[in-house]
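Report on the structure given below.
The values are calculated or read from the model by the stated rules, or taken from the named source; none is laboratory data. All values derive from a computational prediction rather than experimental measurement. Backbone-built Cβ (ideal geometry, glycine too); neighbour counts: all protein chains shown. Note: accessible area is taken over every heavy atom of the protein model, side chains too, but ligands, DNA and RNA are not part of it. Shrake-Rupley method; radii C 1.70, N 1.55, O 1.52, S 1.80 Å.
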Amino acid sequence: MLVSVVAHRAIMSEAAANGSSPSPAPEAPVAELAQLALEEEAPKVSFSDQFKAFSKFGDTKSDGKLITLSQSDKWMKQAKVIDKKITTTDTGIHFKKFKALKISLTDYNKFLDDLAKTRKVELTEIKQKMAGCGAPGVAQVSAGKAAAAVDRLTDTSKYTGSHKERFDATGKGKGIAGRRNVVDGSGYVSGYQHKDTYDGAH
């Protein structure tokens, strides 16, 4: 962005030195500036806002100033901070150093700093993930896996035993005929291939 503005100024000064009229200003810098202005105006959830939200999560009496280990773990799991590098055992060990069931934002920052140094993870990366993980309790479920599971479970061609008798070759349900042994009172033996063909042959 800064490079494009500097380049634009250089073109203007060169044109003035040559005595020619400068070419019209390019559209891109204006568009970029407008985009930057929009991004700056957009409200961003800060780390402290998230701390307050998660410290109230599951505790109706909380004022949002102190957080428990359980709330912290929920926050970290939602932010995907707890993974192969950082486990709930690690968070438990570092949280217990404060010898309190609930800790303030100041102590929580110390807790994260200590945890990041021990597990060799960037503190800024942890905080960015935790600030941008969304409201408490919002689980991000993969739609693809759910759809695949439903498709597999509703595929009638894979049904076995009495269940496969409930559907025809196209997968359409047979209704009551697929669930009960309906008595055929036609007088033909079950399994007879040439039913109702006698009149046509004679």
Qualifying residue in the stretch 83-91 (condition: open to solvent by 30 Å² or more (accessible area, probe 1.4 Å), under 20 Å from K117 (Cβ atoms), modelled with pLDDT under 90 and of a type in the set (K, R)): yes
Extreme residue, modelled with the highest pLDDT, among residues of the stretch 122-164 that are touching a helix residue (DSSP H, G or I) at 6+ places or on another chain (Cβ under 8 Å) and open to solvent by 100 Å² or more (accessible area, probe 1.4 Å): E122
Failed criterion for K77 (all others in (1) of a type outside the set (D, E); (2) assigned to a loop (DSSP other than H, G, I, E, B); (3) modelled with pLDDT of 90 or more hold): (2)
Verdict on V189 being exposed (fewer than 10 other Cβ atoms within 10 Å of the Cβ) and modelled with pLDDT under 75: no
